[in-house]
Amino acid sequence: MGIFNGQFSNVVEWEEFRDDVIFWKWHNREIKKSSRLIIRPGQDAIAIHNGKIEGIFTDEGNYEIESEIIPFLSSLKGFRFGFNSGLRLEVLFVNTKEFTVKWGTKNAINIPAPGLPGGMPIRSFGTFSFKIDDYITLIDKVAGVKESFTVDEVKERVMSVLDQVFMRSIVKEGKDMFNLQMNATAIGNSVREDLDMQLLKLGLTVTEFSIANFSYPEEIQTHINKSAAAGMVGNMDQYQRVATADAIGSGGAAGEAASGAMGMAMGMAMAGQMMNQQQQAPPVRQPAAVPPSTHHNGSVSCPSCGISLPAGAKFCPDCGAKAVAAKKFCAECGASISSDSKFCPECGTRG
């Protein structure tokens with residue numbers, strides 16, 4: 001990263017600045033009076049002497065060690081005079097950017113679920129972001145034993161604890177195991193809080209944890225799809241109308257076929273409605289034929305319209321129907337005789 005020749009260095013800088021490196025340590029060189037400190041955009045520089053932080057420089061620029069840096073270092077002000085033999089000083093260059101890393105479950109995480117003794121295996125993937133939060137902790141826990149610290153090392157630390165953290169957060173925030181995506185934001189926030197507690201030990205902080213997707217085992221996903229299809233069948237009429245409208249709008253052979261199918265469906269629907277109306281309509285009652293009735297005066301009623309006819313009438317004066325002669329019964333034997341008979345045809349009794 002930084003390449004220096006000889007015992008002394010005239011330039012203190014992070015020459016091979018890389019986006020995937022969190023910090024890099026410049027050390028084991030003596031700085032001369034004429035040396036300069038170069039801080040590039042996106043960098044901070046931390047001056048360390050005998051393991052103690054002497055100063056943190058956050059402004060980018062090109063600084064003279066003797067006149068601009070040494071006067072600001074707390075315990076090194078004595079070196080302003082007699083600074084000829086060189087000063088052994090470590091400089092820790094820090095990448096100040098926010099790092100975004102992709103993550104994914106290497107193995108399925110078994111989430112406790114009702115009816116599944118071994119739990120339900122879940123896979124997921126997404127991204128998380130982090131940055132440096134505490135320089136003192138970072139130097140004490142990491143930089144004290146390492147020359148550099150990379151994003152891949154942080155990712156490895158996160159992945160080592162992610163399974164357990166993820167399981168706790170899903171159980172806490174997931175609620176419905178078959179609708180985890182609906183609760184992805186709440187689950188992600190819970191995971192971020194737990195991971196943040198882990199990385200704070202290294203002087204880092206997790207700024208965001210995003211879940212892009214959850215995936216279930218194939219048989220579970222098939223069951224979910226069937227459940228969704230069953231719910232859609234409940235409103236199949238609306239689904240078919242929308243699908244048909246989309247096909248017609250797309251044009252071409254598919255649109256023509258859909259248009260013809262829609263016309264056929266409309267015709268069948270109309271026929272069905274007519275049949276339903278006929279089945280539901282009350283039956284039309286035909287007027288019952290009025291039976292002829294014999295009145296006490298010997299007259300009868302018209303068998304068609306029911307009006308009373310005078311005795312002896314052969315046709316109805318109102319509707320023209322043929323009249324039926326009224327009948328009477330023999331007082332002696334009870335036989336039926338016509339009203340104009342004078343004797344009973346059975347016993348000869350005079351009527």
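The values are calculated or read from the model by the stated rules, or taken from the named source; none is laboratory data. The shown structure was predicted, so the numbers you read here are calculated from the model rather than taken from an experiment. Note: ideal-geometry Cβ built from the backbone for every residue, glycine included; neighbour counts use all protein chains shown. Note: areas computed on protein heavy atoms with side chains; ligands, DNA, RNA excluded. Shrake-Rupley method; radii C 1.70, N 1.55, O 1.52, S 1.80 Å.
Tabulated data
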{"item": "The stretch 300-324 - residue that is surrounded by fewer than 18 Cβ atoms within 10 Å (Cβ to Cβ) and under 20 Å from ILE337 (Cα atoms) and, of those, modelled with the lowest pLDDT", "result": "VAL324"}
{"item": "Per-region count, the stretch 29-45, residues surrounded by fewer than 18 Cβ atoms within 10 Å (Cβ to Cβ) and either at pLDDT 90 or above or within 17 Å of TYR135 (Cβ to Cβ) (or both)", "result": "4"}
{"item": "Subset of the stretch 193-207 [open to solvent by 60 Å² or more (accessible area, probe 1.4 Å) and either within 18 Å of PHE149 (Cβ to Cβ) or in contact with a helix residue (DSSP H, G or I) (Cβ under 9 Å, 6 or more places away or on another chain) (or both)]", "result": "GLU193, GLN198, LEU200, LYS201"}
{"item": "Residue match in the stretch 100-122 (condition: out of contact with any Phe, Trp or Tyr (no Cβ under 7 Å at 6 or more places or on another chain) and closer than 30 Å to ILE53 by Cβ)", "result": "yes"}
{"item": "Unique match (being at negative phi and either acidic (Asp, Glu) or surrounded by fewer than 15 Cβ atoms within 10 Å (Cβ to Cβ) (or both)) among PHE125, PHE166", "result": "PHE125"}
{"item": "Test: residue in the stretch 179-194 that is in contact with a strand residue (DSSP E or B) (Cβ under 8 Å, 6 or more places away or on another chain), under 27 Å from THR58 (Cα atoms), among the aliphatic types (A, V, I, L, M) and at pLDDT 90 or above", "result": "no"}
{"item": "Residues within the stretch 46-59 that are loosely packed, with under 13 Cβ neighbours inside 10 Å, touching a residue at least 12 places away in the same chain (Cβ under 8 Å) and not small (Gly, Ala, Ser), tallied", "result": "3"}
